[in-house]
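Structure, as structure tokens:
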């Protein structure tokens, strides 16, 4: 394929970027992201240069550019403004603010201004649900957008003020930690967990000692050198820690499977791509407790025998990149990363940060690994699973931010200590990202087993003139409950959650909530499999049809049939859960749907005669013969 000719305007900045990634095919996304940030687009010339410099096919680079929302071959202006468009931002009037900004900047939504200065559009959840409405300007997050702050932003753009000269208070983001427990209250200092881990010894006659002796014979490693890592792994298993991403797989079993997988190279991956609307706990952990996150990753590396780790940071959290890299540098200087950590010969481990570029599906662990490898974030077929065939097809442990924090505390305090907290099936605590109709949105940490009603009381839900109508647990892919279920508990055996806890009071229309989620799933479908690509679009269109007053009882039945198809045939969890918000709200708040329905048994979603209106105007005809006759 012919490469586009070079563009002198790209030099020398492009060359400097490519030199950092030269000959590294797995860095395709990182190189493209840096180019996008530097030049406001990834031009065809730049695409060709990336392909040559990294040694990958041109088609693959173009495919990556087309996959991620924050990349594009066409410029979106010197200032690209993206309004967060999750349901909580909608509730706070984000669309009215967007229209106001478009008017001030003389630009249409989704279009580049005539002078090429600015574009204004929407994006999915930015992880600032506790302080919305929020926007991204050239990837930089601005919370709490009010009409007054919007006026200032418009002035800065029209004056073409460099973003580094914008007032710092515009970018000030709060942690909003409202309730602390064992994780957020721990007096953790860098190295605490690792020093305990490397000091562990095998108890004579224990299963750990037997396992160490067996591995020593099989792997040719002194048994004493295996005692501490295997004892640390045993503490994780004893704790009954389960993954905090929502599925709840036992962490110790995952780590053990990765350690036992064939091969010498192993990897540790921290999934910090929390794109579920309503979730923002990882933002707070990475801002205020990053050492705990990195320590948990290092504990995992010690237990499974890995030498390289990756933190996959969602693109919306670009503002965290430099502070996190500074913390990694401090840990290297303190011998908590790098070679022979804490003086332990052979304990070599380091962490790199890879930044995403706007793709919700990359929160799925195999899609995240594809993205880490510089590819489109399309989920893999499973099995095999990442613990045996992960990054570069090597054994890989993938856990989320909160899980690694918990693992560090377990390494420090012990598995029995952790298991004594929570419930028999759900050990420890859970961080909840509470937002929506409540007086005190923010981060709340509770022991597992805490009832929903307790969370609602603590966050001030229902304290105004409207009582709480519903709570969406674990984002749109989770479950929506009504007031009759507020005694249910946050626990894997009752209401498992990745952390989102969105409150809706009686002033809200739950049909519109579900409709917003339907648009989210249709927008975020990666398009790989036909059932999800078409099914999510059908769901969105059906919800829009009902909203427009053309829905019937037949449409409600079709949504249920669509859910069955997606469950049976969609490639990954996005398709499997796409209908959840609609079905949950239909079950609990059916009148909100039925009042929109017409009395007809069926009405087509596509008006063919209406679609011919343009042709009739062009031909100057409007007689009966130019119309399609409708069957009675």
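The values are calculated or read from the model by the stated rules, or taken from the named source; none is laboratory data. This structure is a prediction, so every number in the text was calculated from the model and none was measured. Reconstructed Cβ throughout: ideal geometry from the backbone, glycine too, with neighbour counts over all protein chains shown.
List of remarks:
- Check on residue 197, touching a residue at least 24 places away in the same chain (Cβ under 8 Å), assigned by TED's automatic domain parsing to the domain that holds residue 338 and either under 26 Å from residue 323 (Cα atoms) or part of a loop (DSSP other than H, G, I, E, B) (or both): no
- Number of the exception - residue 149 against (1) surrounded by fewer than 16 Cβ atoms within 10 Å (Cβ to Cβ); (2) at pLDDT 95 or above; (3) not in a loop (DSSP other than H, G, I, E, B): (1)
- Exactly one residue out of 435, 463 is farther than 23 Å from residue 406 by Cα and touching a helix residue (DSSP H, G or I) at 6+ places or on another chain (Cβ under 7 Å), and it is 435.
Residues are listed down the side, and each one gets a yes or a no for (1) touching a residue at least 24 places away in the same chain (Cβ under 8 Å); (2) within 16 Å of residue 375 (Cα to Cα):
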site: 29; (1), (2): yes, yes
site: 34; (1), (2): no, yes
site: 62; (1), (2): no, yes
site: 81; (1), (2): yes, no
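- Filter result for the condition that a residue is part of a helix (DSSP H, G or I) and at pLDDT 95 or above, over 98, 82, 71: 98
Residues checked against (1) more than 22 Å from residue 84 (Cα to Cα); (2) without any contact (Cβ under 8 Å) to a residue 24 or more places away in the chain:
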{"residue": "511", "(1), (2)": "no, no"}
{"residue": "524", "(1), (2)": "no, no"}
{"residue": "529", "(1), (2)": "yes, no"}
{"residue": "536", "(1), (2)": "no, no"}
{"residue": "542", "(1), (2)": "yes, no"}
{"residue": "546", "(1), (2)": "yes, no"}
{"residue": "560", "(1), (2)": "yes, yes"}
{"residue": "570", "(1), (2)": "yes, no"}
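- Extreme residue, surrounded by the most Cβ atoms within 10 Å (Cβ to Cβ), among residues of the stretch 365-381 that are modelled with pLDDT of 95 or more and more than 20 Å from residue 265 (Cα to Cα): 377
Yes/no per residue for (1) outside the structural domain of residue 342 (by TED's automatic domain parsing); (2) out of contact with any helix residue (DSSP H, G or I) (no Cβ under 6 Å at 6 or more places or on another chain); (3) touching a residue at least 24 places away in the same chain (Cβ under 8 Å); (4) not in a loop (DSSP other than H, G, I, E, B):
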site: 231; (1), (2), (3), (4): no, no, yes, yes
site: 245; (1), (2), (3), (4): no, yes, yes, no
site: 257; (1), (2), (3), (4): no, yes, yes, yes
site: 263; (1), (2), (3), (4): no, yes, yes, no
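- Criterion: part of a strand (DSSP E or B), closer than 25 Å to residue 34 by Cβ, outside the structural domain of residue 130 (by TED's automatic domain parsing) and touching a residue at least 60 places away in the same chain (Cβ under 8 Å) - qualifying residue of 378, 398: 398
- Between 386, 447, the distinction of being touching a strand residue (DSSP E or B) at 6+ places or on another chain (Cβ under 9 Å) and not assigned by TED's automatic domain parsing to the domain that holds residue 187 belongs to 447 only.
- Qualifying residue in the stretch 5-13 (condition: closer than 16 Å to residue 61 by Cβ, out of contact with any strand residue (DSSP E or B) (no Cβ under 6 Å at 6 or more places or on another chain), surrounded by 15 or more Cβ atoms within 10 Å (Cβ to Cβ) and at pLDDT 85 or above): no
- Total residues in the stretch 408-459, condition assigned to a loop (DSSP other than H, G, I, E, B) and either buried (at least 20 other Cβ atoms within 10 Å of the Cβ) or without any contact (Cβ under 8 Å) to a residue 12 or more places away in the chain (or both): 9
- Only residues that are on the phi < 0 side of the Ramachandran plot, in a loop (DSSP other than H, G, I, E, B), loosely packed, with under 10 Cβ neighbours inside 10 Å and at pLDDT 85 or above were counted in the stretch 589-632, giving 2.
- Scan of the stretch 45-56 for residues that are without any contact (Cβ under 8 Å) to a residue 40 or more places away in the chain and part of a loop (DSSP other than H, G, I, E, B), ordered by number: 55
- For the residues 475, 462, the requirement of being at positive phi, surrounded by 22 or more Cβ atoms within 10 Å (Cβ to Cβ), in contact with a strand residue (DSSP E or B) (Cβ under 9 Å, 6 or more places away or on another chain) and not in a strand (DSSP E or B) singles out 475.
- Only a single item in (1) modelled with pLDDT under 95; (2) assigned to a helix (DSSP H, G or I) is not met by residue 550, and it is number (2).
- Within the stretch 109-146, the set of residues being in a strand (DSSP E or B) and under 21 Å from the mean Cα position of the chain (by Cα) comprises 121, 122, 123, 135, 136, 137, 140, 141, 142.
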